[in-house]
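The values are calculated or read from the model by the stated rules, or taken from the named source; none is laboratory data. As the structure is a computational prediction, the values presented were derived from the model and not from experiment. Positions of Cβ are backbone-derived with ideal geometry, glycine not excepted, and every protein chain shown enters the neighbour counts. When the accessible area is computed, the model is the full protein with side chains, heavy atoms only, and any ligands, DNA or RNA have been set aside. Shrake-Rupley method; radii C 1.70, N 1.55, O 1.52, S 1.80 Å.
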Amino acid sequence: MWHIFVLMSKKVLILGVNGFIGSSLAWKILQTTNWSVYGMDMSTNKIEHCLGHERFHFFEGDITINREWIEYHVRKCDVIVPLVAIATPSMYVTDPIRVYELDFEANVAIVKKCVQYKKRLVFPSTSEVYGMCDEKVFDELTSNFTLGPINKQRWIYSCIKQLLDRVIYAYGENNGLDYTIFRPFNFVGPKLDDIHEPKEGGSRVLTQFIHNVLQNRPIKLVDGGQQRRCFTFIDDAIDCLVKIIENPNGVASKRIFNIGNPNEDYSIAELADMVVELVKEYEEYREQAEKIEIVSVKSEDYYGKSYQDVSARVPSIDAARQYLGWEPRVTLKQALKLTLDFHLRNKDYELNEYHLR
Ligand code: UDP
């Protein structure tokens, strides 16, 4: 009897493929695997390198509108990666209902489709779920989630993601859903946010700081900038995600992984100093970097009264080490340099050796 082994290439559906994580993930998959990517997004500015690739299939659409396209592709694909979400703290306080409708309602519908069609789901949770947890290191299975009161609207995102994690976990336990939940810890890198976005508070901290230096505006440290974050370079994060999607022998199935770099733990004030020092290395920008002021602002003046901060956030990455053999490799300083090269020198990041390794 003949045994015919057919090597199946995976079909990966990425919703929000033009986002920071989606665009980097799609590119990495096309470069390093034989998988096909089916991607949806509302725009294409970050996926120019993917468009036209024979294994990249793009559809311009909106997850709240193009439900039939999504249902058809959930059925067609092997792994579903729904990355559409608002993940910017300023939005949690200015438009919490929009955050709820998109991050929760639109995404839970996709989770249910994965249950219905028995498809593997790789879902983004967030390091925000741990909230103001006072443990030194946050563990996926044992740490407590500590959120503020309802009038501190900042926590709506954390709470939404926590409920989604619980819903996905329950579908796994009760309905056999094959899932992996991952929790990003301050991913940074080229294409994080639009660097020229003028709105103060509208971007994540690194983009905001680079933007302020370029615009000759003071860098604002919220409440003095003593709060700490562990910064994770996007390519390290993507390596981890590719392993999760690959999922050899089901090692990632029904697990939750923190994806972060516990070694690169800096205060926001330290981050500001590093950004300014590094921008000075670019001759065209040296003068403005030398003049830049770093000031402290009250969080309620910067974000509004319903903001509350997280003072420290260090991931345990033992699970990713143990099950995926993953280890982050890029320091914050290297990450900043690569990000600045992309923005200030227009270096084609997709062709960068880090990105291709
Ligand atoms: N932050 C700051 N100045 C800014 C923007 C942000 O001091 O211009 C602080 C913010 O209060 C938070 C940290 O930087 O403590 C990280 O903010 P980010 O928006 O990147 O996301 P978070 O890690 O809070 O989810």
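The sole residue among LYS243, LYS298 that is farther than 24 Å from GLY131 by Cβ and open to solvent by 10 Å² or more (accessible area, probe 1.4 Å) is LYS243. Starting from segment 98-115, keep only residues that are under 13 Å from VAL84 (Cα atoms), then list their pairs with residues that are among the aromatic types (Phe, Trp, Tyr) whose Cβ atoms are within a distance under 6 Å, requiring at least 6 positions of separation or different chains. Going by the 6 Å Cβ cut-off, the qualifying pairs are VAL99/TYR92; VAL99/TYR157. Yes or no: segment 328-335 includes at least one residue that is modelled with pLDDT of 95 or more and either within 22 Å of GLU135 (Cβ to Cβ) or over 22 Å from the mean Cα position of the chain (by Cα) (or both). Yes, segment 328-335 contains a residue that is modelled with pLDDT of 95 or more and either within 22 Å of GLU135 (Cβ to Cβ) or over 22 Å from the mean Cα position of the chain (by Cα) (or both). For segment 32-54, the candidate set comprises residues that are open to solvent by 50 Å² or more (accessible area, probe 1.4 Å) and touching a Phe, Trp or Tyr at 6+ places or on another chain (Cβ under 8 Å); within that set, the residue that is farthest from GLN116 (Cα to Cα) is HIS49. The criterion of at least 3 residues that are closer than 23 Å to GLY176 by Cα is met by the following helices (runs of 4 or more DSSP H) wholly inside segment 1-118: 67-76, 107-116.
Cβ-Cβ contacts under 7 Å between residues 6 or more apart (or on different chains), taken from a first residue in segment 132-158 that is open to solvent by 20 Å² or more (accessible area, probe 1.4 Å) to a second residue that is assigned to a loop (DSSP other than H, G, I, E, B) and β-branched (Val, Ile, Thr), are listed as MET132/VAL310; LYS136/VAL314; VAL137/VAL314. A search for C-beta distances below 7 Å between a residue of segment 281-299 that is over 14 Å from ALA269 (Cα atoms) and any residue that is more than 16 Å from the ligand (Cβ to nearest atom) and in a loop (DSSP other than H, G, I, E, B), counting only pairs 6+ apart in sequence or on different chains, returns ARG286/LYS280; ALA289/LYS280; GLU290/LYS280. Of all residues in segment 339-348, one or more are polar (S, T, N, Q), over 30 Å from GLY148 (Cβ atoms) and crowded, with 18+ Cβ neighbours inside 10 Å.
Results for (1) basic (Lys, Arg); (2) within 11 Å of the ligand (Cβ to nearest atom), shown as yes or no for each residue.
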{"position": "GLU270", "(1), (2)": "no, no"}
{"position": "VAL279", "(1), (2)": "no, no"}
{"position": "TYR282", "(1), (2)": "no, no"}
{"position": "TYR285", "(1), (2)": "no, no"}
{"position": "LYS291", "(1), (2)": "yes, no"}
{"position": "VAL295", "(1), (2)": "no, yes"}
{"position": "SER299", "(1), (2)": "no, yes"}
{"position": "TYR307", "(1), (2)": "no, yes"}
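Can you name the residue in segment 65-108 that is among the aliphatic types (A, V, I, L, M) and under 11 Å from TYR157 (Cβ atoms) and, of all such residues, is least open to solvent (accessible area, probe 1.4 Å)? Only one residue tops the list, namely VAL99.
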